[in-house]
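Okay, so here's the structure we're looking at.
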Amino acid sequence: MSNYALLMVRPSRFGFNAETAVNNAFQVAGDQSNVQEKALQEFDHFVQALRDNHIDVLVVQDTEEPHTPDSIFPNNWISFHKNSTIVLYPMFAENRRLERKESIMDAIRSRYNIDNTIDLTKNEAQDIFLEGTGSIILDRKQKIAYANISPRTDKNLFKEFCEEMGYEPVIFEAKDEHGKDIYHTNVMMCVGDRYAVICLDCIPEAQREGVREALENSGKTIITISYDQMNHFAGNMLQVENTAGEKFLVMSTQAYESLSPEQVSAIENFNPIIHVPLYTIEQNGGGSARCMMAEILLPKK
């Protein structure tokens, strides 16, 4: 029986967030009619698809107040670790800091043991940010952490995190095809147990080999994606586990449809794929399937 679950926050007032759009090129202010309603349908369908595959999902309903348009992406402000530890992260957008709600913490505490809290949020006062598993890609088994340095991912704070948590840091700088910083590492790479999906083109040549080596030396098969596929959220994936310990790669339908048959089959050699349509959430929120799931590895009560 696997002790693995996902935290997902059901939105109450989801919408385009102008505060995050300043450095999230994936966000587009869409047709604003029924955005919350459409996002809710996508969210509920997503949760159902996970549960149909026997994946344990803890759903917490967001509160109306304070207004948190991005609450659907909890992976940026909290991460959970096997040693009963949680980490709280400093967030770039002021209105995203309000997502750290007691109601969510209470729901987690009622089910899981938390013995240790590492609180990095004080760094917000110095404009130093590290946005959880948006900024950091964790290879939990090999204890390697990957981070693309950007306005939302501070190099020194990332190193501090790695030291505290016992991870080996792999640091690089990724740019999109227009030379702009990629705001979160998890839109351009995903690390599974035996493979990694990554847009290597984003990484400057001088750093690319180091990243490739770190992945290959830790036993990963590398499945590369293009800029165009990354722009369709093909890097924003997460390998999850169900109650029987079976693994799946979760992504959006947009991401899935951008992949070639060869890439799909390379992934399916390792595990089945679960994909769901998240078009409203992707367009208005600038995040996709991976951003919506925070992995819970805490011991249950």
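The values are calculated or read from the model by the stated rules, or taken from the named source; none is laboratory data. Only a predicted model underlies this, so the values are computations on that prediction, with no experimental measurement involved. Using ideal geometry, Cβ is built from the backbone for each residue, glycine included, and neighbour counts are taken over all protein chains shown.
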Any idea which of ASP56, ASP31, ASP70, ASP139 is modelled with pLDDT under 95 and crowded, with 17+ Cβ neighbours inside 10 Å?
-> ASP70
If you scan region 185-220, which residues turn out to be under 28 Å from GLU246 (Cα atoms) and part of a loop (DSSP other than H, G, I, E, B)?
-> MET188, GLY192, ASP193, ARG194, CYS199, SER218, GLY219, LYS220
Can you tell me which residue among ALA244, ALA266, ALA234 is aliphatic (A, V, I, L, M) and buried (at least 20 other Cβ atoms within 10 Å of the Cβ)?
-> ALA234
Would you mention how many residues in region 237-288 are under 23 Å from ASP193 (Cβ atoms), part of a helix (DSSP H, G or I) and aliphatic (A, V, I, L, M)?
-> 4
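Go through ILE281, ILE273, ILE267 for me and flag whichever is closer than 30 Å to ILE104 by Cα and in contact (Cβ under 8 Å) with a residue 60 or more places away in the chain.
From the options ILE281, ILE273, ILE267, the qualifying one is ILE281.
Per-residue answers, yes or no, for (1) at pLDDT 95 or above; (2) in contact with a strand residue (DSSP E or B) (Cβ under 9 Å, 6 or more places away or on another chain); (3) buried (at least 18 other Cβ atoms within 10 Å of the Cβ); (4) under 22 Å from THR224 (Cβ atoms):
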| position | (1), (2), (3), (4) |
| --- | --- |
| SER135 | yes, yes, yes, yes |
| TYR146 | yes, yes, yes, yes |
| LYS159 | yes, yes, no, no |
| CYS162 | yes, yes, yes, no |
| GLU168 | yes, yes, no, no |
| CYS190 | yes, yes, yes, yes |
All but one of (1) crowded, with 21+ Cβ neighbours inside 10 Å; (2) not in a loop (DSSP other than H, G, I, E, B) hold for GLU99, so report the exception by its number.
-> (2)
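Listed here are the residues, each with its yes/no results for (1) without any contact (Cβ under 8 Å) to a residue 24 or more places away in the chain; (2) among the hydroxyl-bearing types (Ser, Thr, Tyr).
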{"residue": "MET188", "(1), (2)": "no, no"}
{"residue": "VAL191", "(1), (2)": "no, no"}
{"residue": "TYR195", "(1), (2)": "no, yes"}
{"residue": "LEU200", "(1), (2)": "no, no"}
{"residue": "GLU205", "(1), (2)": "yes, no"}
{"residue": "VAL211", "(1), (2)": "no, no"}
{"residue": "THR221", "(1), (2)": "no, yes"}
What do you reckon, is PRO151 under 21 Å from ARG290 (Cα atoms), loosely packed, with under 15 Cβ neighbours inside 10 Å and touching a residue at least 24 places away in the same chain (Cβ under 8 Å)?
-> yes
Return yes or no: is ILE86 in a helix (DSSP H, G or I) and modelled with pLDDT of 95 or more?
-> no
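Evaluate the following for GLU37: is it of a type outside the set (Val, Ile, Thr), modelled with pLDDT under 90 and assigned to a helix (DSSP H, G or I)?
yes
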Being touching a residue at least 12 places away in the same chain (Cβ under 8 Å), over 19 Å from ILE78 (Cα atoms), surrounded by 15 or more Cβ atoms within 10 Å (Cβ to Cβ) and of a type in the set (Asp, Glu) narrows it down to one of GLU173, GLU177, GLU131, GLU124, so name that one.
-> GLU173
Is there any pair with a first residue in region 82-101 that is without any contact (Cβ under 8 Å) to a residue 40 or more places away in the chain and within 18 Å of LEU157 (Cα to Cα) and a second that is surrounded by fewer than 17 Cβ atoms within 10 Å (Cβ to Cβ) and among the acidic types (Asp, Glu) whose Cβ atoms are under 6 Å apart and which are 6 or more apart or on different chains, and what are they?
-> LEU88/ASP119
